[in-house]
1. If I ask for residues that are within 14 Å of the chain's Cα centre (by Cα) and of a type outside the set (V, I, T), which ones from the stretch 162-177 would you list?
2. Only one of these is of a type in the set (S, T, Y) and modelled with pLDDT under 90: T20, T80, T75. Name it.
3. Exactly one of these conditions fails for L97: (1) within 13 Å of the chain's Cα centre (by Cα); (2) of a type outside the set (F, W, Y); (3) more than 26 Å from R39 (Cα to Cα). Give me its number.
4. Tally time: how many residues in the stretch 134-152 are of a type in the set (A, V, I, L, M, F, W, C), surrounded by fewer than 16 Cβ atoms within 10 Å (Cβ to Cβ) and in a strand (DSSP E or B)?
5. Does T131 count as more than 15 Å from A174 (Cα to Cα), among the polar types (S, T, N, Q) and modelled with pLDDT of 95 or more?
6. When you scan the stretch 8-21, do you find a residue that is surrounded by 15 or more Cβ atoms within 10 Å (Cβ to Cβ), in contact (Cβ under 8 Å) with a residue 40 or more places away in the chain and touching a helix residue (DSSP H, G or I) at 6+ places or on another chain (Cβ under 8 Å), even just one?
7. Please identify the pairs in which a residue from the stretch 80-106 that is closer than 23 Å to R178 by Cα has its Cβ atom under 7 Å from the Cβ atom of a residue that is polar (S, T, N, Q) and in a loop (DSSP other than H, G, I, E, B), counting only partners at least 6 apart or on another chain.
8. Has the stretch 41-62 got any residue that is modelled with pLDDT of 95 or more, at positive phi and buried (at least 21 other Cβ atoms within 10 Å of the Cβ)?
Amino acid sequence: MIDRSRLASHLQDFPRQKITLGELRPAAVLVPLFQRDGRDHLLFTVRTGHLVHHAGEISFPGGGRDADDADLIVTALRETEEELGIERQGVEVLGRLDDFYSIHGYHVVPYIGIIPDPDQLRIDPFEIAATFAAPLAHFREPGVHHVEDWTHRGRVHAVDFYRYESHVIWGLTAAILRQLLEETAQL
């Protein structure tokens with residue numbers, strides 16, 4: 001199990017790589033960690049098929065910053081509450097990872113947060129088709145991760161992919177997951 005205080009202390013060194021905002025819209029996601037049966041787990045969402053961006057994809061809860069959001073932590077917690085019904089005061093935010101760029105024009109900041117066991121979620125059916133929990137240790141197993149080279153706007157990008165049961169986690173969510181795995185490997 002990850003030591004929360006060691007992880008929070010480690011995350012104080014972030015961001016190590018910062019993106020200049022420029023034309024990108026600010027956004028944030030919560031990487032929801034919880035313990036079940038003595039093991040660390042992550043909670044993922046499956047987006048509904050009708051959404052403009054990331055339709056049908058697996059993601060962490062989050063979205064674009066609203067004008068009323070004091071900062072991006074508020075954005076991540078608000079979006080998590082709206083999408084999953086996890087009350088913001090019930091989330092222990094430990095820190096953040098590096099800035100990420102979304103191909104849809106977002107500057108995304110991922111926050112790591114401890115949530116209560118998600119056994120009674122109130123899912124927003126407009127945005128979220130389903131959720132699933134996966135043990136963090138699963139993503140460290142051989143053969144679960146691979147990288148593919150994809151071309152976007154004339155440039156080749158390495159795209160991460162992870163498998164869990166019938167789910168394929170890829171793109172931005174997989175890149176955030178990869179950094180989380182790297183940063184918690186020694187904790």
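1. Y162, W170, G171, L172, A174, A175, L177, listed by residue number.
2. T20
3. The single condition L97 does not satisfy is (3).
4. At the first step, the residues of the stretch 134-152 found to be of a type in the set (A, V, I, L, M, F, W, C) are 134, 136-137, 139, 144, 147, 150.
Okay, now just the ones that are also surrounded by fewer than 16 Cβ atoms within 10 Å (Cβ to Cβ), so 137, 144, 147, 150.
Applying the additional criterion that residues be in a strand (DSSP E or B) yields 147, 150.
Residues in the stretch 134-152 being of a type in the set (A, V, I, L, M, F, W, C), surrounded by fewer than 16 Cβ atoms within 10 Å (Cβ to Cβ) and in a strand (DSSP E or B): 2 in total.
5. Spelling it out, T131 is indeed more than 15 Å from A174 (Cα to Cα), among the polar types (S, T, N, Q) and modelled with pLDDT of 95 or more.
6. yes
7. Short answer, once both residue conditions are applied: G95/Q12; D98/Q17; D99/Q17.
8. Within the stretch 41-62 (the criterion being modelled with pLDDT of 95 or more, at positive phi and buried (at least 21 other Cβ atoms within 10 Å of the Cβ)), the answer is yes, since at least one residue qualifies.
The values are calculated or read from the model by the stated rules, or taken from the named source; none is laboratory data. Only a predicted model underlies this, so the values are computations on that prediction, with no experimental measurement involved. Cβ: placed from backbone, ideal geometry, glycine included. Neighbour counts: every protein chain shown.
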